[in-house]
Amino acid sequence: MTDFNKYNPYPGRFSIRCPRCGGEATFDFPFELLNEWSEELESWRVDTTVEILRWGGWFVVAKHPDLFPWKEPSGGYRRSDQGVCYCQNCSTRFEHLLEWPSDAYFYCEVKGKLLWAWSREHVKVLKSFIQSKNRKIEDYPGYGLFLHHIPKHFMLAKNRDLVVKKLEKLLTL
Ligand SMILES: [Zn+2]
């Protein structure tokens, strides 16, 4: 899963290993760019911690305006790996430069290859998917992109039991 940048877009928010305490923390990109038809816009509007600005045809949701105020980019907008880590264990929120997959909280090794998931929910879905007989991606709405890019190694019948066992262990974290 090393080529995920090209094929597997990041979700807006996901779990990482807290660089301060090693516990499960959340990583958040500072901005969400939405068009006016986006259904997500309404749910952001009720969140009083964010700022919503206009930029050209876009609505920009600045999720952490104190740490990352929105600045209009001179060219097009490109998401960087800079974001915010917040951790309930150490009750902090701080800037963090994402390094994936080394920052992953949910990861395991299966016969020499690294398997990771964005969040606990993703681990559950992945386990259910690997265990299922027919492995139909359309049975997991919202997880299609993630499941679609699981490397073959983890899908092999001979690795199935081991993968499931490792994922079960991740769920106990
Ligand atoms: Zn922490």
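Bear in mind these aren't lab numbers, they're just calculated from the coordinates by the rules spelled out. These numbers were taken from a predicted model, which means no experiment stands behind them. Here the Cβ positions follow ideal geometry from the backbone for every residue, glycine too, while neighbour counts run over all protein chains shown.
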Compute the distribution of all C-alpha to C-alpha distances in segment 30-78, in bins of 10 Å from 0, and list the percent of pairs in each, rounded to whole numbers. 27, 58, 16, 0
What is the Cα centroid distance between segment 82-126 and segment 19-41, reported in whole angstrom? 13 Å
Rank these for me by crowding, 26, 49, 92, going from fewest to most other beta carbons within 10 Å. 49, 92, 26
Quick check for me: using +1 on Lys/Arg Cβ and -1 on Asp/Glu Cβ, what's the dipole size of segment 107-171 about its Cα centre, in debye to the nearest 20? 280 debye
Among the lysines, which fall within straight-line cross-link reach of residue 124, defined as a Cα-Cα distance under 26 Å, with same-chain neighbours fewer than 8 residues apart omitted? 6, 111, 113, 133, 136, 152, 158, 165, 166, 169
Burial-style ranking of 158-167, 113-122, average other-beta-carbon count within 10 Å with highest first, yields 113-122, 158-167
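Considering every Cα-Cα pair within segment 107-171, what fraction, in whole percent, is farther apart than 13 Å? The partial results should precede the final answer.
Numbers: 1214 of 2080 pairs.
The share of Cα pairs beyond 13 Å in segment 107-171 comes to 58 percent.
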Among 93, 17, 78, the residue with the largest mean-square fluctuation in a Gaussian network model of the chain built from Cα contacts under 10 Å is 78
Summing Lys, Arg as +1 and Asp, Glu as -1, what charge do residues with Cβ under 9 Å from the Cβ of residue 44 carry, residue 44 excluded? -2
Contact order relative to length of the chain, as percent, for alpha carbon pairs under 8 angstrom and 6 or more apart: 21 percent
If each residue's Cβ is checked for other Cβ atoms within 10 Å, how do 90, 85, 108 rank with the fewest at the top? 90, 108, 85
Kirkwood estimate for the chain, i.e. one over the average of 1/r between Cα atoms, Å: 17.8 Å
